[in-house]
């Protein structure tokens, strides 16, 4: 089934005409036969890392395809993320890992396939406002942290709050900023400019800026790239503590095996736009496949 | 070693290249129209980013006053000094203030202001948004459910649209002052006399269309600067190209609007 993603702004779309999956909203998320009955065919192992079989996956991707001109980056990716789980996606450069998570938040439009995030289909017919509702519940840590370089650390964290929590008092906002910075271990950097921060510090602030809106899902795009081993370990530990404190589910794109070993509940390996292996770190480490083994040595 | 091509093949390749450049131009023009249309759809809908608009007005307006003032002053002086010999040969030195005021207010002030702003502000916007694009800051806004177009583009375009007319009026005033200084040095013409003659020659039809067209100049500089920055693809090299392209396109846009404005004014005259 060909299904082009198409996000339109609220002002461009008649809200009444937006096709919504109403049956999905009416269903009991636990007892109904989801996702098979939602048109997402295929068999999912709907088992969370905590072992609760009733939890539905927070992310489901089915048959995702994406091409840039003639170059097919994703060639039918199927995956799911259970609630509270950290799924690590491993793959070599150019295997489509970053494109995959960008499709999840609408930064890239999928050519084909279905994506469901937190029970909402974002594949088609989604208005800009509806997409933003999903984005508000999803945090994204960019590879280079993407801090707003014209703003101080305090302003970087205050900016999303000012935009989305307009009724929040200044005192409450300051308190939340201080708490969040404390959670990432950089309370003293509050008045610094991004240009003055090290790579590891930038990542922490980028994470804090995302966490300040309390997302349910975290997407990490190569969180430890460009960092030394010690800092990489610190960031991985921070990711684990974020998962515990904020009760987030997450997808981590990485090349860093230390990060993968420390943070992964489950690993998916992507090769030329297709999932070729899936399992725990330990099970994949024991694989006889030469390509898989090349990641573990 | 490349195989040698016959003249027919060379011509064919050239035509294909020209065709693709031509197509690219029209694609970009179409994109630009869509980008501009989005401005009008967004600008009247809340939430309004007044604080950011004010900050951009400060950057565009206040931060450009020295440059605009200095250029205006030199422009007024040079215009007076250059026209003086010709006017003197007709014994029409007393007409110089009127001539200066009409040419400055109608044409030179608005155009020079817009061109300076295209270079100063258009390039800054192109480079700023371009670097935000390549460092994924615009994507970061998107994924935080913040509309980057509203926050970055609308505010900047509003600021240029509102500030360039003010800068233009400021440039006119300073250019006339420059003209007075030149006249005072050469002909000992007094301040009061200079300005009474200069203002007496100005009519509504000189001032009103000139001010109206500066709003269009401001809009053009802002929207082109933002468009070029917002559509940067690739790395840091493309940021430089975007800034450069913003200056060229915005300057060209200013001249085209000026030509249209001149035709329209002439029509109403």
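The values are calculated or read from the model by the stated rules, or taken from the named source; none is laboratory data. Computed from a predicted structure; not experimentally measured. Cβ coordinates were reconstructed from backbone atoms using ideal geometry, including for glycine residues, and neighbour counts include every protein chain displayed.
Residues in region B:37-53: is at least one farther than 16 Å from residue B:166 by Cα, away from chain A (no Cβ under 14 Å) and touching a residue at least 60 places away in the same chain (Cβ under 8 Å)? Looking for residues that are farther than 16 Å from residue B:166 by Cα, away from chain A (no Cβ under 14 Å) and touching a residue at least 60 places away in the same chain (Cβ under 8 Å), one finds none in region B:37-53, hence no. Could you pull out the residue among B:76, B:91 that is outside any helix (DSSP H, G or I) and either surrounded by 22 or more Cβ atoms within 10 Å (Cβ to Cβ) or more than 14 Å from chain A (Cβ to nearest Cβ) (or both)? It is B:91.
What's the total number of residues in region A:79-93 that are out of contact with any helix residue (DSSP H, G or I) (no Cβ under 8 Å at 6 or more places or on another chain) and either assigned to a loop (DSSP other than H, G, I, E, B) or more than 18 Å from residue A:277 (Cα to Cα) (or both)? The qualifying residues number 5.
Scan region A:247-256 for residues that are modelled with pLDDT of 90 or more and either part of a helix (DSSP H, G or I) or out of contact with any strand residue (DSSP E or B) (no Cβ under 8 Å at 6 or more places or on another chain) (or both) and the total you get is 1. Quick check on my filter: what residues within region A:94-121 are in contact (Cβ under 8 Å) with a residue 40 or more places away in the chain, more than 14 Å from chain B (Cβ to nearest Cβ) and assigned to a loop (DSSP other than H, G, I, E, B)? Once the filter is applied, which keeps residues that are in contact (Cβ under 8 Å) with a residue 40 or more places away in the chain, more than 14 Å from chain B (Cβ to nearest Cβ) and assigned to a loop (DSSP other than H, G, I, E, B), region A:94-121 yields A:95, A:96, A:110, A:111, A:119.
Scanning region A:74-83 for residues that are surrounded by fewer than 21 Cβ atoms within 10 Å (Cβ to Cβ) and within 23 Å of residue A:257 (Cβ to Cβ) yields one hit, A:79. Every test in (1) touching a residue at least 60 places away in the same chain (Cβ under 8 Å); (2) surrounded by 22 or more Cβ atoms within 10 Å (Cβ to Cβ) is passed by residue B:170 save one, and that test is (2).
Condition first: over 21 Å from residue B:123 (Cβ atoms), touching a helix residue (DSSP H, G or I) at 6+ places or on another chain (Cβ under 7 Å) and exposed (fewer than 15 other Cβ atoms within 10 Å of the Cβ). Can you find one or more residues in region B:213-222 that meet it? Within region B:213-222, not a single residue is over 21 Å from residue B:123 (Cβ atoms), touching a helix residue (DSSP H, G or I) at 6+ places or on another chain (Cβ under 7 Å) and exposed (fewer than 15 other Cβ atoms within 10 Å of the Cβ). In the set (1) part of a helix (DSSP H, G or I); (2) in contact (Cβ under 8 Å) with a residue 60 or more places away in the chain; (3) within 10 Å of chain B (Cβ to nearest Cβ), the condition left unmet by residue A:163 is number (2). Which residue is surrounded by the fewest Cβ atoms within 10 Å (Cβ to Cβ), if the candidates are limited to region A:133-153 and must be more than 7 Å from chain B (Cβ to nearest Cβ) and assigned to a helix (DSSP H, G or I)? Only one residue fits best here, namely A:133. Residues of region B:143-171 being over 16 Å from residue B:229 (Cα atoms), modelled with pLDDT under 95 and in a helix (DSSP H, G or I), which ones? Answer for region B:143-171, where residues must be over 16 Å from residue B:229 (Cα atoms), modelled with pLDDT under 95 and in a helix (DSSP H, G or I): just B:143.
Of the residues screened, residue B:232 is not one that is touching a residue at least 40 places away in the same chain (Cβ under 8 Å) and under 18 Å from the mean Cα position of the chain (by Cα).
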